[in-house]
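K.L.:
Below: one structure in C-alpha cells.
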Amino acid sequence: MSNLLTLPLLVPLISATFGILARQHANVQRWISLAGISVYLAIGFILISHVLDQSYLTAQVGGWQAPYGITLVADLLSAIMILFTGLIVFSVLLYSLMTSKPCGFSPAFHPLVHFLLMGASGAFLTGDIFNLYVCFEIMLMSSFALMTLEGKAEQTEGAVKYVVLNLLSSAIFLAGLGLLYAKVGSLNMADISVISQQAVADEKVGPIRLAGLLFFVSFSVKAGMFPFFFWLPASYHTPSPPVSALFSGILTKVGVYALIRLHTLVMPGEVLGYKLLLTMGVATMLIGVFGAASQMHIRRILSFHIISQIGYIVVGIAIKTPLALASAIFFIGHNIISKGNLFLVAGLASDIVGSEKLHKTGGMWKAWPQLGIIYLISAFSLAGFPPLSGFVAKFSIVWATVESQLWWVMAAAIFTGLFTLYSMMKIWVEVFWKDHPDPDRDLTLGKNSRRLMPVSLLAGIIIFLGLGGGPLFDICLRAGEQLVNPAGYIQAVLGEIT
Amino acid sequence: MKSSPILDITLRWLVVLLGIVSFFLLLRGHDEPGGGFSGGLLAASAIIITTIAYGADAGRKLLHFQPLSYIAVGLILSVLAGLFQWDAVFMSSIWVELSLGFTIIKLGTPLLFDLGVYIVVLGVVSSFVLEIESIVKIKKEGL
C-alpha cells in the first residue's frame, strides 16, 4: 500500500503532462484535467480512511531507508490537508470550466493548476525538509505563471511583488537549511526532531534555534503573517477569480502547514518562542481585519481577511495543546472552503455587475437571490455564525484560549470576529442589497448560471462541516494529539532505531 | 540572414558532435559526472547555436517537434521509470543485462529516468531560446 502515498504527487503530475500534450485540444484538455482532479479527490478520501485506521503511513521512495532516503509520511494532518486541497481545486476547476473568461481557455491554465497541486501535495506528504523547500519552489513557479496568465499590467505588477518576496523567503529558508544540515547532518524531519530534542536536553540549542528562526521567518512570509503580509493584498486581487480562490485555498495554507510541522515536529520544546508566535498571531488577526475595513474593492477586502484568518490559525499553533492544534486544523479546513467560495462568488458577482469596486456594484439580491444566499452562507461562516463551519472553528479556538487562560487573546479573537462581520456586511450591502448605480444594467446571469453549481457545492460543504462539526472535530482532535506527541511520527519514519 | 561558409561547415560538424557528446554524458552519468541534466543542456546548446546562427526557424526545424511536447514526453518517461515495478515502492530501480556476445549492456530504470530528464531539459532550454529569439526578431523587424 506504500504506493498510495506517491499517488497524490503522481496523479497531478500525469494530468499536467497529458494536459500539455493535449494543449491544442481545449476540450480534451478539460476532460483530462477534470478526470485528474476527480482521481486525486478519491485518493484523498482513501488516504484519510487509511490514516484513520493506521495513524501513520510511510513510504521510503526508491527503497532507501530513512534518514538517508526520501521519506513520504502521512499523518492525519497531511491527510486532512490533502483532502481539503482536493476539494477546493475540484470546485475551482469545475468553476473555470464553466466560465467564459480567457483563463478558462488558456492552454496553460489546467497543467499549471495541476503542477501547483503537485507542489502542495508534496509539501503535505514529505518527511524531508529539503523536499519541503523543493515543493515550495514548484508551487512558487506555477503560481507565478498562473498569476500572469492573462498578461495584464496590474497582474504583472502584483506578480513581481509576490515573486520577489517569496523568492526572498525561499532564500532565507535555504540559508536555514544549510545551517541546520551543517549542524545536525540530517534533513529528515523525524531525525532532526530527535536531534533537536537532545539538544534541548543538553542545553546546546543555539545554532538549531537560529536555523529554526530562519525557517520561522520564511514560513511566516509564505503564510502572510503580520510583519510580512504585504505581498498578499498587493497581488491576490489581480488574477482571474478562480486563480485567486485557488491561491487563497492553497498557498498561505501550505505556509501555515509548514509552520505547524516546524513548531511541533522539527523544533519541538521551547526552541521557538511561544510568546513571539502568539503575539504575531494576534497582530496578524487585528491588522488583517482593520486592513479589510478600509478597503472598497471586493477581492482586496477578501485578501485582507485571509491574513486575519491566518492569525487565528497561528494563535492555535502557538498555544499548542491538542485542543488548540485541533482547532487550528479545523480552521484551516474551514477557511480553505469558505474563503475559496467567497472568491468564487465575488468573481461571479463582479462578472455580472461589471465591477469589483463597491460603489459601482449593486442589485444582485433582486436579480439573483440564490447567489445572495450562497454568499451569506460563506460570509456568515467566515464571521463565525452557528450552524456553519466557521462557528465550530472560531468557538474551538476561543475555547482553547480560555483553557490556557489567555484572556487578551480571547478578547482579540472575538473582536476580530465582529469586525469580520462588518466587512462581510459591507460587501453584502453594496453588492447585493442596494440598487445598481446604473439602472439600465442587464443583470441576467445567462450562461453564468452554470457556475452556481460549484459555489453551491462549496456552500454545501460549509454547512456539512458546521452540522457535522462534532465528529469531524474529533478527527481533528486525534490529529492534534498526534502533533503534540511526535514520538509516534518519529517511530513511524525511523522504525525501531530510536 | 547572410551566412558564411566557415560558419556553415563548422556548424554542421558541431551540431553532430554536440549530439554525440551529450548522449555520451547521459550514458556515463550513472556513476561518473554527467547524467540527464548536463547531457540535456549540451544537446540544447546544439539548438542554441543553430538558432543564433540561422534564426529561430532553423532551430525549430532541427528540433522537429515543439519544445513543449519534449517536456511532456520527458516527464512521462521519468514517471514511467518510477512506476516500472508497481508492487515495490515508487522509484525502486530494476536492472536488466543484455548480452550481445562481445559485450554486456546494463539497462535499468535509472537510465530511463535520466533519459526523461535529458528530454525535459532539452525541451525547456530550447523553448526559452526559441521564444526569446522570436521576440528579438519581431522587435528587429518592427524597428
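K.L.:
For chain A, take the longest principal axis of its alpha carbons; what is the angle in degrees between that and the long axis of helix A:189-202, to the nearest 10 within 0 to 90?
P.N.:
The helix A:189-202 is inclined about 60 degrees to chain A.
K.L.:
Around B:Val125, with a cut-off of 13 angstrom between Cβ atoms, what is the net charge of the other residues, counting Lys and Arg +1 and Asp and Glu -1?
P.N.:
-2
K.L.:
If you take the square roots of the eigenvalues of the alpha-carbon gyration tensor of the range A:28-165 and sort them as a ≥ b ≥ c, do you get rounded (a/c under 1.5), prolate (a/b over b/c) or oblate?
P.N.:
Oblate.
K.L.:
Using a 10 Å cut-off around each Cβ, can you sort A:Met225, A:Met98 from fewest to most neighbouring Cβ atoms?
P.N.:
Lowest count first: A:Met98, A:Met225.
K.L.:
Let me ask something else about it. Please find, in a Gaussian network model of chain B (springs between Cα atoms separated by less than 10 Å), the residue of B:Gly55, B:Gly123, B:Gly74 whose mean-square fluctuation is greatest.
P.N.:
The residue that fluctuates most here is B:Gly55.
K.L.:
Ok, one more. Using a Gaussian network for chain B with springs between C-alpha atoms less than 10 Å apart, which of these wobbles most: B:Asp57, B:Asp114, B:Asp31?
P.N.:
Answer for the Gaussian network model of chain B: B:Asp31.
K.L.:
If you count, for every residue in B:71-79, the Cβ atoms of partner chains within 10 Å of its Cβ, what is the mean?
P.N.:
4
K.L.:
Taking θ as phi - 60°, what are the ³J(HN,Hα) couplings along the range A:15-20 by the Karplus curve (6.51, -1.76, 1.60), each to the nearest whole Hz, with x for Gly and Pro?
P.N.:
The phi angles translate into 5, 5, 5, 5, x, 5 Hz.
K.L.:
Moving on to the next point. Relative contact order for chain B: what is it in percent, counting Cα pairs under 8 Å that are at least 6 residues apart?
P.N.:
28
K.L.:
Another one. Among the listed pairs A:Lys366/A:Lys426; A:Lys161/A:Lys253; A:Lys222/B:Lys139; A:Lys161/A:Lys339; A:Lys394/A:Lys434, which are separated by more than 27 Å between their Cα atoms?
P.N.:
The answer is A:Lys222/B:Lys139; A:Lys394/A:Lys434.
K.L.:
After finding the eigenvalues of the alpha carbon gyration tensor for the protein assembly as shown, what semi-axes result from the square roots of 5 times each, listed largest first in whole Å?
P.N.:
42, 33, 22
K.L.:
Averaged across the residues of A:17-23, what count of C-beta atoms belonging to other chains lies within 10 Å of each residue's C-beta?
P.N.:
Other-chain Cβ atoms within 10 Å of each residue's Cβ, averaged: 5.
K.L.:
On to the next question. Report, in order of residue number, the helices in chain B meeting two criteria: a C-alpha extent of 18 Å or more along the helix axis, and a mean Kyte-Doolittle hydropathy of at least -0.5; treat each whole DSSP H run as one helix.
P.N.:
B:5-28, B:36-54, B:67-83, B:109-142
K.L.:
I've got another one for you. Each residue of the range A:24-29 in turn: what ³J(HN,Hα) in whole Hz from Karplus with 6.51, -1.76, 1.60 and θ = phi - 60°, glycine and Pro shown as x?
P.N.:
Result, ordered by residue: 8, 10, 4, 5, 4, 4 Hz.
K.L.:
So what's the range B:5-141 giving for Rg/Rh, alpha carbon basis, Kirkwood Rh from the mean inverse pair distance?
P.N.:
1.07
K.L.:
Just to confirm the number: angle between the C-alpha axis of helix A:129-147 and the first principal axis of chain A, 0 to 90 degrees, nearest 10?
P.N.:
10
K.L.:
Using modelled backbone amide H atoms (1.01 Å from N, in-plane), which distant-in-sequence or interchain residues come within less than 5 Å of A:Thr99's amide H?
P.N.:
none
K.L.:
For B:Gly108, list long-range residues whose amide hydrogen, built 1.01 Å from N in the peptide plane, is under 5 Å from its own amide hydrogen.
P.N.:
B:Val96
K.L.:
OK, next. Just to confirm the number: angle between the C-alpha axis of helix A:322-353 and the first principal axis of chain A, 0 to 90 degrees, nearest 10?
P.N.:
Tilt relative to chain A: about 30 degrees.
K.L.:
With springs connecting C-alpha atoms under 10 Å apart, model chain B as a Gaussian network and identify which of B:Val89, B:Val73, B:Val21 has the largest mean-square fluctuation.
P.N.:
Sorting by GNM fluctuation, first place goes to B:Val89.
Where a number appears in this text, it was derived from the coordinates with a stated rule and is not lab data. None of the values given here were measured: they were computed from a predicted structure. All Cβ positions, even for glycine, are placed from backbone atoms using ideal geometry, and neighbour counts span all protein chains on display.
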